[in-house]
């Protein structure tokens, strides 16, 4: 753990005295410039990064790994039998299935086959993802301590089960600044009209970091960013005059108080003004040819759909947005899994694969990390009364699958092995902190040194542990 680089200085004094380090990085972000423009490298930066940006396709609810990526014929062979105690080993269950008298195993009703030169296994539910088998790494050995949705999603997004910590995108905004002064460094897109476990703004919040590092949510309507457009009767010239006078007042107060919150406020007002011109251009798809919609699917023509958000993510990546977070809900299949998961795959499979293909065609995949996954997996046993035709699966944090592509990630690779029952990890376990450490490494950041002092402690995304998973890196 690193010490405080400015132990006796206020933030304002640190920014005044030093041109580099974390103070310089924060100042560069406020000024809308890339962190590397400051001069001396920050202490947490490593060698040349493999990636410049991240697109995280978060599937909220916990997709079932053994119905999508982790082929387990033994479950089908022993369907209806009791989960062996030597496999469970007394591990805790949720309150939804913990009181069941029986935990009958249930196999996947979907066919699996191998794809690409890599021979990776995919369910029939993922025909489009199967086509990019040789572009992605499937990590089958993810695990977490969180067993319920709130703590699980919070853990994946912030590195802690309890809310209040900064999200991944906020850490990157704080550490690396922005590559486009007219757009936020961190943008959030949520599929419109989805049900399921609620998504709350703290998942993309900056926590105890300065407020300008919050994720900015884009909405699928004429007000893509809330309160950005001028109200009736106010034109651009009037807005500019108002902001200039407001900044003068803020700077007078800043000179008296040295309050860094005022710096944040000035920067946010200026970013909002610049975004008034940049947002309509990036959110308008009029320049996209028909071939784009053939690739992503016709849903991409409808604002707010998952497909449209994947296309939006590519447009944002092209324009220098550093962290783009998509959320798609309703993967929580406690019942009716065969029909429910089929619907989710129909909504997401084509567009997810199209995004990787599109980035690759445009030369962007080499320095963009694409991530697909949820907060945990599903149980190998049936929740509730056993019904092979229409069953559900409970939450399972012991092992789950996700995939990654681009920006320094091995192509056509499978990492980690689960046991024959898809209940425990047999080899190559990847904890959430390991995942975060690896992601920061790809972006040229030492996860142990990117810290922020708060309430007397130096916090970091990976808490007090986390290892780079070198086996999945080029």
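Bear in mind that the values in this text are calculations on the coordinates, not laboratory data. Please read all numbers here as calculations on a predicted model, not as lab measurements. As a convention, Cβ positions derive from the backbone with ideal geometry for all residues, glycine included, and neighbour counts pool all protein chains shown.
Points worth noting:
- For segment 35-149: rounded, prolate or oblate by the Cα gyration tensor [a/c cutoff 1.5]: oblate
- Computed label-point distance, nm, for sites residue 200 and residue 270 using a 7 Å Cα→Cβ extension: 3.4 nm
- Full extension of the chain between residue 245 and residue 46 yields a length gain of 67.5 nm, computed as 0.36 nm times the residue separation minus the alpha carbon distance.
- Where N is the number of residues in segment 328-474, Cα Rg divided by 2.2 N^0.38 Å: 1.23
- Sequence ranges 192-204, 378-390, ranked by mean other-Cβ count within 10 angstrom, highest first: 378-390, 192-204
- At R0 = 30 Å, FRET efficiency that the Cβ-Cβ distance of residue 255 and residue 319 yields, to 0.05: 0.30
- Relative contact order (%) - criterion: Cα under 8 Å, at least six apart; region: segment 340-474: 19 percent
- Once the chain from residue 290 to residue 471 is taken as fully extended at 0.36 nm per residue, the excess over their C-alpha distance is 61.2 nm.
- When the convex hull of its Cα atoms is projected in every direction, mean area for segment 49-472 (nm²): 21.8 nm²
- Only helices enter the 222 nm calculation for the chain: every DSSP H run of n ≥ 4 contributes -39,500 (n - 2.57), and dividing by all residues gives -10000 deg cm²/dmol, rounded to 500.
- To the nearest ten degrees, helix 21-30 and the longest principal axis of the Cα atoms of the chain are 80 degrees apart.
- Helix 260-283 vs. the chain, principal-axis angle (Cα, 0 to 90°, nearest 10): 70 degrees
- Burial ranking of peptide ranges 302-310, 100-108 (average Cβ count within 10 Å, highest at the top): 302-310, 100-108
- Going from the fewest other Cβ atoms within 10 Å to the most, the residues 414, 113, 64 appear in the order 113, 414, 64.
- Relative exposure of 89, 156, 96, 402, judged by other C-beta atoms within 10 Å (fewest first): 89, 96, 402, 156
- Taking every DSSP bridge with both residues inside the chain, close to 50 percent are antiparallel.
- With 0.36 nm allotted per residue and the present C-alpha distance subtracted, the residue 223-residue 192 stretch has 9.7 nm of extension available.
- Fewest neighbouring Cβ atoms within 10 Å first, the residues 356, 282, 225 line up as 225, 282, 356.
- Computed on the Cα atoms alone, the convex hull of segment 326-396 gives a volume of 98 cubic angstrom per residue.
- Between helix 236-257 and the chain: long-axis angle, C-alpha atoms, 0 to 90°, nearest 10: 80 degrees
- The label-point distance for residue 100 and residue 454, in a model that sets each label 7 Å from Cα toward Cβ, rounds to 3.8 nm.
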